[in-house]
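**Q** Sending over a structure as structure tokens; questions will come in a sec.
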Amino acid sequence: MTKDTFMSAFTFEGFKCDISFNEFVDTYTGDKIKELVLRNNNEKFRASYLYGEGLKEIGREKRGEKNNILGEFIGIEKNDLNSMMSFFKKYGFLFPLSDYDQFVTFQIEDVNYIKDNLEALINIFNAQDTNNIDYKSLLDSVLFLLLQKEKVIKINDNTCYKSSNKDLLHNINNANKIRFDDNSTTIQIPRDDGGSVPAFEVKDYLLGEGINVVIIEEYENLMQDDDYSLSFLKQIVKAYVSKKNTIFSEDECLIIDFLYHFSRRISIIIPEDISLNTLFQEVVYETFTKRENDDLKQALLKISKYLIEKELNHFLSEIKPKYDADTMRPNWKLPSLFSAMYLSLFYLDSNQAMYRVCQNINCNQLFLVSKTNQVKKYCCVYCTNAVSQRRYRQKK
């Protein structure tokens with residue numbers, strides 16, 4: 001039994017892979033598209049999750065090289081094909097290739113999609129430190145996970161990846177099909193002149209008083225507006241006023257309420273623009289963090305916890321417990337390197353540790369570190385030495 005195995009929460013075994021790429025032209029768009037071409041080789045790969053250090057290849061740290069599988073994967077730049085290929089040569093592919101006798105292809109954009117989802121989840125984990133929240137990163141990451149369209153990825157004809165359930169987004173998108181019961185959703189609001197204004201009465205999970213009203217005339221004016229940029233806002237408002245007639249859970253109702261108030265107070269949301277890199281103009285983030293929007297910030301934190309649970313439960317569903325008689329310790333049967341990455345987040349105690357960006361300007365990869373450790377700035381000995389040498393040359 002190695003020291004790594006003894007200290008680990010789980011181990012994973014797979015195969016490294018041979019990899020190259022194809023480049024072709026999409027006959028419909030004329031765009032150049034690159035795809036990976038992969039197959040297993042005979043070199044075995046073993047990794048373990050070490051408490052406080054993360055998912056690492058067993059034995060690699062003795063050579064002082066980078067050895068932080070999840071951090072290295074997240075750190076791959078979208079257009080850096082060489083780094084992507086190097087990663088898979090070193091650690092094997094995300095999904096098992098042993099069932100395929102020949103080389104298989106995998107779209108690079110699908111690798112980036114998976115990587116972005118993992119990065120968003122890590123950002124949300126990091127934001128659970130309520131004393132120092134990066135609301136800009138948290139907001140972008142929550143909206144990214146909430147509002148992406150469902151995606152299914154296949155190797156040949158076999159599904160290897162399916163995004164977490166998108167029923168909420170589907171129901172929001174189809175809110176215009178919901179029919180109102182006027183007797184239970186409308187009230188009359190008194191006017192100063194003695195008349196009244198018809199309005200929808202809405203149970204609101206975000207507001208302290210628990211009830212909100214939407215003036216029907218304003219609602220109808222919005223629904224009749226043909227501005228395309230308001231399409232998602234219309235769906236959100238319709239879902240907001242009609243959610244009492246649906247089967248939305250309390251968590252889903254809170255999400256709808258958050259999207260409604262954010263859109264009305266701060267900025268409309270266009271799902272097609274969703275990304276992890278500055279979704280809104282800077283003034284939007286500044287407005288969001290003001291004290292008068294504390295209720296929105298608290299709701300965002302609750303939604304972030306919901307997403308952590310939802311994402312992990314979905315992507316860990318194929319993992320099974322097993323007992324390792326060689327080590328006389330419990331372990332997990334992991335179907336893929338991809339599942340090992342998500343299981344490493346399952347073991348992350350966000351109260352004690354976080355993923356930090358390496359301060360080597362030529363690296364910028366993530367590494368796991370204790371939240372109380374303000375000294376460790378580099379992901380590995382290699383980066384520590386590289387920065388020291390760079391500073392020494394600058395002084396000469």
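The values are calculated or read from the model by the stated rules, or taken from the named source; none is laboratory data. Predicted model, so just to flag it, every value in this text is computed and none were measured. Glycine also receives a Cβ, built like all others from the backbone with ideal geometry; neighbour counts cover every protein chain displayed. Each accessible area value is taken on the protein alone, full model and side chains, heavy atoms only, with ligands, DNA and RNA left out. Shrake-Rupley method; radii C 1.70, N 1.55, O 1.52, S 1.80 Å.
**Q** Any idea of Thr27's accessible area? Nearest 10 Å², probe 1.4 Å.
**A** Its accessible surface works out to 130 Å², give or take rounding.
**Q** R0 = 41 Å: FRET efficiency of Val283 with Asn373, Cβ-based, nearest 0.05?
**A** Result of the calculation: an efficiency of 0.75.
**Q** Name the GluC sites (Glu not before Pro) in segment 309-357 that are in a loop by DSSP and that have at most 14 other C-beta atoms within 10 Å, would you?
**A** In loop regions of segment 309-357 (DSSP not H, G, I, E or B), the sparsely surrounded GluC sites (Glu not before Pro) are Glu318.
**Q** Right, here's the next one. Send over the per residue convex hull volume for the chain, Cα only, as a whole number of Å³.
**A** Measuring per residue, one finds 203 Å³ for the Cα hull of the chain.
**Q** Something else: Of Gly14, Ser196, Phe103, which is farthest on the positive side of the dipole of the chain, counting Cα position, with +1 on Lys and Arg Cβ, -1 on Asp and Glu Cβ, and the Cα centre as origin?
**A** Final value for the positive-end residue is Gly14.
**Q** Follow-up. Kindly write out, for segment 338-355 in residue order, the coupling ³J(HN,Hα) from the Karplus curve 6.51 cos²θ - 1.76 cosθ + 1.60 (θ = phi - 60°), rounded to whole Hz, with x marking Gly and Pro.
**A** 4, 5, 5, 5, 5, 5, 5, 6, 4, 8, 6, 8, 5, 7, 10, 9, 8, 8
**Q** Hey, what did segment 278-360 get for relative contact order, percent, Cα under 8 Å, at least 6 apart?
**A** The normalised contact order for segment 278-360 reaches 18 percent.
**Q** Would you work out the relative contact order for the chain, in percent, from Cα pairs under 8 angstrom that are 6 or more residues apart?
**A** Result for the chain is 19 percent.
**Q** Can you compute the helix-only [θ] at 222 nm over the chain? Use -39500 (n - 2.57) per DSSP H run of at least 4 residues, normalise by all residues, nearest 500 deg cm²/dmol.
**A** For the chain, the value works out to -12000 deg cm²/dmol.
**Q** How much net charge surrounds Phe73 when only the other residues with a Cβ under 10 Å from the Cβ of Phe73 are counted, with Lys and Arg +1 and Asp and Glu -1?
**A** My count for the surroundings of Phe73 gives -1.
**Q** Could you calculate the contour length gain from Gln102 to Leu230, that is, 0.36 nm times the residue separation minus the distance between their Cα atoms, to one decimal place in nm?
**A** Taking Gln102 through Leu230 to full extension adds about 41.3 nm, to one decimal.
**Q** A further question follows. Rounded to the nearest 0.05, what FRET efficiency is calculated for Glu77 and Asp193 with R0 set to 41 Å and r the Cβ-Cβ distance?
**A** The computed FRET efficiency comes out at 0.05.
**Q** Could you go through segment 154-160 in sequence order and give the Karplus-derived ³J(HN,Hα) for each residue, using 6.51 cos²θ - 1.76 cosθ + 1.60 with θ = phi - 60°, rounded to whole Hz, and x for Gly and Pro?
**A** These are the phi-based 3J(HN,Hα) values: 10, 10, 6, 9, 9, 5, 10 Hz.
**Q** Moving on to the next point. Would you list His314, His261, His170 from the most to the least accessible area, probe 1.4 Å?
**A** Ranked from most to least accessible, the order is His170, His314, His261.
**Q** Using the Karplus curve 6.51 cos²θ - 1.76 cosθ + 1.60 with θ = phi - 60°, what ³J(HN,Hα) values do you get for each residue of segment 253-267, in whole Hz, with x for Gly and Pro?
**A** 4, 4, 4, 4, 4, 4, 4, 5, 5, 4, 5, 7, 8, 10, 6
**Q** Now for a different question. Pull out the extension gain between Asp167 and Leu222, defined as 0.36 nm times the separation in residues minus the alpha carbon to alpha carbon distance; nm, one decimal.
**A** Value of the extension gain: 17.3 nm.
**Q** Viscosity 0.890 mPa s, temperature 25 °C: Stokes-Einstein D of segment 203-298 from its Kirkwood Cα radius, in µm² per second?
**A** Rounded, D is 170 µm²/s.
**Q** Here's something else I'd like to know. Here are some pairs, Lys115/Lys302; Lys203/Lys305; Lys66/Lys371; Lys89/Lys136; Lys115/Lys320; Lys151/Lys320; which of them have Cα atoms lying more than 31 Å apart in this structure?
**A** Lys89/Lys136
**Q** Can you compute the equivalent ellipsoid semi-axes for segment 22-181, i.e. the square root of 5 times each eigenvalue of the Cα gyration tensor, sorted largest first and rounded to whole Å?
**A** Working through the eigenvalues yields semi-axes of 31, 25, 15 Å.
**Q** With an 8 Å Cα cut-off and a minimum separation of 6 or more residues, compute the relative contact order for segment 38-155 in percent.
**A** Dividing the mean separation by the residue count of segment 38-155 yields 22 percent.
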